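Each value in this text was obtained by applying a stated rule to the coordinates, not by laboratory testing. Keep in mind it's a predicted model, so treat the numbers as computed, not measured. Ideal geometry is used to build each Cβ from the backbone, glycine not excepted, and the neighbour counts take in all protein chains shown.
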């Protein structure tokens, strides 16, 4: 696995180890046998991809990463989509397994779906789960969601915000709970910070509902941290409808750094989650797993990639708002029904 990562210029290898492998390649005059690689991949390697995610931007990045890595490795992909965040039917999953797949890669939230994982476990199919935490028997590739949310929350507090709103993601995903935990951990470190929590599910529609709930609070938050960019974009939309200037009157931040973060005004400050790299790394590890001896019972592969805070134009220190203007801003537009 380590040699494969070095040859394919993948992350996750200690620099000294990488240098040793590269030196051995030079000394041995090794070049990959493309014919053999083609025999192993194109003829025998068929990877199933199961997904059902409400964020089109996230899925675009995920599928791009999978397609690019599959192209490099000569793997054939078979896609199976669930609807509205729900897994495909058991019969559809069983048909996918019977089609002769060598392994399967799951996108969140299905990467932690008991219904999906049970079928695959029974069929003894190797699984790579993107964005998942500690799924037994699966290769998990993720970022440190708790740390990322903790760092973003500290950024908001450092700007001077003391009334914070937070929108939780899909309650069925461990990543959602980890992000909430990171947010709350940062808040506990600073006296005088108050919080208002709203539940979402990572969809734009849930962000609209959460935004209405948070901006009706009295007093309302001066900064809102949404657990993904789609919900953050929805909150910006609600703020604009309420005649609130972002970021002068309301700071909004997101999570993922998808195209949704840069296709609205103002562009979102957000946590960069390398979705394409996560998907590509998961597929690479899955291919290595398919060709390797079975892992020992209880042995896990949990690959954690780096994240980053991306600063854009949706954040600012809390401003002093004229009370009359605040009262006006707190009312929805007379021409737009609440929740739209």
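Where Rh is the Kirkwood radius over the Cα pairs of the chain, the temperature 25 °C and the viscosity 0.890 mPa s, what D in µm²/s does Stokes-Einstein return? All intermediate terms of the calculation are to be shown ahead of the outcome.
Values: Rh = 21.5 Å.
Answer from the Stokes-Einstein relation: 114 µm²/s.
Using the alpha-carbon atoms, what tilt in degrees (0 to 90, nearest 10) does helix 145-158 show relative to the longest principal axis of the chain?
With both axes taken from Cα atoms, the answer is about 30 degrees.
With label points built 7 Å along Cα→Cβ from the Cα atoms of residue 194 and residue 158, find their separation and express it in nm.
About 2.6 nm separates the two model spin labels.
What's the exposure ranking of 281, 68, going from fewest to most Cβ atoms within 10 Å? Numbers along the way, then the final one.
Details: 281 23, 68 14.
The fewest-first ordering by Cβ neighbours comes to 68, 281.
Length gain on complete extension for the stretch residue 122 to residue 76, per 0.36 nm per residue less the alpha carbon to alpha carbon distance?
Details: separation 46, 0.36 × 46 = 16.56 nm, distance 2.30 nm.
Net length gain for the segment: 14.3 nm.
For the chain, what does -39500 (n - 2.57) per DSSP helix run (n ≥ 4), summed and divided by total residues, give at 222 nm, in deg cm²/dmol to the nearest 500? Don't skip to the answer; put the middle values down first.
On the way: 12 runs with 142 residues, N = 340.
It comes out at -13000 deg cm²/dmol, rounded to the nearest 500.
In nm, to one decimal, how far is the modelled label at residue 68 from the one at residue 301, with both set 7 Å along Cα→Cβ?
Calculated label separation equals 2.0 nm.
Just rank 121, 272, fewest to most, by other beta-carbon atoms within 10 angstrom. Don't jump to the answer; show the numbers that get you there.
Details: 121 14, 272 17.
If I rank by nearby Cβ atoms, fewest first, I get 121, 272.
How do 191-204, 134-147 rank on mean C-beta neighbours within 10 Å, highest first? Intermediate values should be presented prior to the final figure.
Working: 191-204: 17.8, 134-147: 20.6.
Peptide ranking by packing, descending: 134-147, 191-204.
In the Gaussian network model of the chain, springs joining C-alpha atoms below 10 Å, which of 151, 94, 69 carries the largest mean-square fluctuation?
94
Relative to the first principal axis of the alpha-carbon coordinates of the chain, what is the inclination of helix 56-73, with its axis defined by its Cα atoms, in degrees from 0 to 90 and to the nearest 10?
20 degrees
Per-residue counts of other Cβ atoms within 10 Å, averaged by peptide: what ranking do you get for 175-183, 213-221, highest first?
Values: 175-183: 22.1, 213-221: 16.7.
Packing order, densest peptide first, comes out as 175-183, 213-221.
Which of 164, 264, 117 moves the most in a Gaussian network model of the chain with Cα springs under 10 Å?
Result for the chain, Cα springs under 10 Å: 264 fluctuates most.
Using the 10 angstrom Cβ neighbour count as an exposure proxy, how do 59, 122 rank, fewest first? Intermediate results must be reported in sequence, preceding the final value.
Values: 59 18, 122 10.
Exposure proxy ranking, most exposed first: 122, 59.
Cut-off 10 angstrom, C-alpha nodes, Gaussian network model of the chain. Which of 288, 19, 226 fluctuates the most?
Looking only at 288, 19, 226, the largest GNM fluctuation is found for 19.
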